[in-house]
Amino acid sequence: MSGLVVTPINQEYRIMAYSIHLEGDTLKVDFAKTDEEKPIPAAGDVIVQDVQTRVRQMIASGELSGGNLLKINGRISVGASYTLAHEVAHLYRVVAVADTRLGAYVVVSSTTPEYPLASRIDFQTGEVTEVKRSAELSTPSFFVRWEGDVLRVEINNAVQVDGDQIVRDVKAQLQELINSGQLTGGKLLKINGRSTVLASYVIALELAHRYSAIAVFDPKIGDRGLDRYIITISHTPDYQVGDRVDLERDPCQTVKVVLCGAPNTGKTVFRDGLKEAILEREDVPQDFYTISGCPDGDGSWFAQTAQKYPDSPIAHFGNSVSK
C-alpha cells in the first residue's frame, strides 16, 4: 500500500448527527434525527467527530463526572465505538455495553473484581454473571492478526458464540500479539476487517494508548483502488478525530449487490439469508461486507435475537409484523 493522504473533516456549522445523553448510570447513544423523526444523513467521519464533541461537552459541564460503573446502551457504528470507548474509559472503573441478544450488558473494561471482563450485567435485575468458555470451542470466535502494516480483524463464522465470548477471545488475541512483540505501538495504527461493536470497544481500550492515532476502515466511503480509513482516536496534532486517511491499493474485481424496495417487503430477511449463505462458503472474500442503507437499527441482530430468544419481546414483535 502507498499514497497515504489525510483529508480533514469539514468544520462548518451543522446539526449534530449523533445523540448522547446520560440517564442514571446509563449512557444512551443513538443516531440523531430531525424534529420530524427523520435520520440526519452523515458519513462515518462526521459521526465520530460528533461523538467526541458531545462527550467532551458532557465532561466539561460535569454531566459525565466519572465513577464506578458506566453502562452504554443504543445504536452505534463500529468506528464510533472506538471514539466513545476512548473518551469515557479513563473516567470509570467499569464500562459495560448492551447486548440485546443476551438481555444484558457485557463488561468491556474493568479494574475491579466486582465486574470481571466479559461478565454479564442483567438488564432487569442488575445481577452479574460470568459464563465460562465452552470446552467444545476449539478455535477463537474472533481473529486479530498483522497483515503488512494493517491490523486485520475478523469474525470467525465457523463458530457461533455470544458477545461475552467474543470479548474474551479478542482480549486473548490482542495479548498474544503484544506478548510476541507485534503490537509495539507507534504513530498510526490502521484497522481493517469485519468486527462487532463489543470487539471494537475492547480493541480501542487495549490499544488506544499504544499508538498516537488509530484509524478504522470504513467500507461505505471508499472507492475503486482506494481504501479509506477514519481517524477514531488521536493523541497527536498530526491527526484529528474525523480525518479521512486514504490509502491507494491495487484495484480488484468487486461485486456490489443492492437490495431496495418498499417498507415491510422482506428486504432485511432476504439480506440476512444471503449474508449467511455467502459466509458459509469456503471462498468467501475477507473484505465481504453487508451495509444498511441508513442507520435505522434494523440490522442482523433482529433475526438472530428472535431465533435465539423466541420468548423475548423482540421476537413477538417480529412475528406480529410478519403476519
In region 199-223, anything free of Cβ contacts under 8 Å to residues at least 24 places away in the same chain and surrounded by 24 or more Cβ atoms within 10 Å (Cβ to Cβ) is listed as none
Note to self: I'd like to check something: does region 260-267 contain any residue that is within 22 Å of the chain's Cα centre (by Cα) and charged (D, E, K, R)?
What the structure shows: no
If we ask which residues in region 51-89 are open to solvent by 10 Å² or more (accessible area, probe 1.4 Å) and assigned to a loop (DSSP other than H, G, I, E, B), their number turns out to be 7
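In this structure, does residue 98 turn out to be among the small types (Gly, Ala, Ser), assigned to a loop (DSSP other than H, G, I, E, B) and buried (at least 16 other Cβ atoms within 10 Å of the Cβ)?
Working: among the small types (Gly, Ala, Ser): yes; assigned to a loop (DSSP other than H, G, I, E, B): no; buried (at least 16 other Cβ atoms within 10 Å of the Cβ): yes.
Taking the combined requirement at face value, the residue does not satisfy it.
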- Query: Would you say residue 93 is open to solvent by 40 Å² or more (accessible area, probe 1.4 Å), modelled with pLDDT under 95 and of a type outside the set (Gly, Ala, Ser)?
  - Reply: no
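Pull up region 180-198, narrow it to residues that are of a type in the set (Val, Ile, Thr) and closer than 23 Å to residue 99 by Cβ, then point me to the one that is least open to solvent (accessible area, probe 1.4 Å). Talk me through it step by step, then tell me what you get.
If we filter region 180-198 for residues that are of a type in the set (Val, Ile, Thr), which is where we start, we get 184, 191, 196-197.
Then keep just the ones that are closer than 23 Å to residue 99 by Cβ; that gives 191, 196-197.
Working: 191: 4, 196: 36, 197: 42 Å².
My answer is 191.
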Of (1) buried (at least 20 other Cβ atoms within 10 Å of the Cβ); (2) in contact with a Phe, Trp or Tyr (Cβ under 7 Å, 6 or more places away or on another chain), residue 39 fails just (1)
Does region 66-87 include one or more residues that are in contact with a Phe, Trp or Tyr (Cβ under 8 Å, 6 or more places away or on another chain), without any contact (Cβ under 8 Å) to a residue 40 or more places away in the chain and of a type in the set (Lys, Arg)?
no
If we ask which residues in region 147-179 are at pLDDT below 90 and open to solvent by 70 Å² or more (accessible area, probe 1.4 Å), their number turns out to be 5
Quiz prompt | Filter pass, residue 144 being of a type in the set (A, V, I, L, M, F, W, C) and buried (at least 18 other Cβ atoms within 10 Å of the Cβ) | solution = yes
Reported set for region 12-41 where residues are of a type in the set (Asp, Glu) and either under 11 Å from residue 75 (Cα atoms) or part of a loop (DSSP other than H, G, I, E, B) (or both) is 12, 25, 30, 35, 36, 37
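The values are calculated or read from the model by the stated rules, or taken from the named source; none is laboratory data. Values in this document were obtained by computation on a predicted structure and should not be read as measured data. We place every Cβ from the backbone using ideal geometry, glycine too, and count neighbours over all the protein chains shown. Ligands, DNA and RNA are stripped out before the accessible areas are found, and what is left, the full protein with its side chains, is counted by its heavy atoms. Shrake-Rupley method; radii C 1.70, N 1.55, O 1.52, S 1.80 Å.
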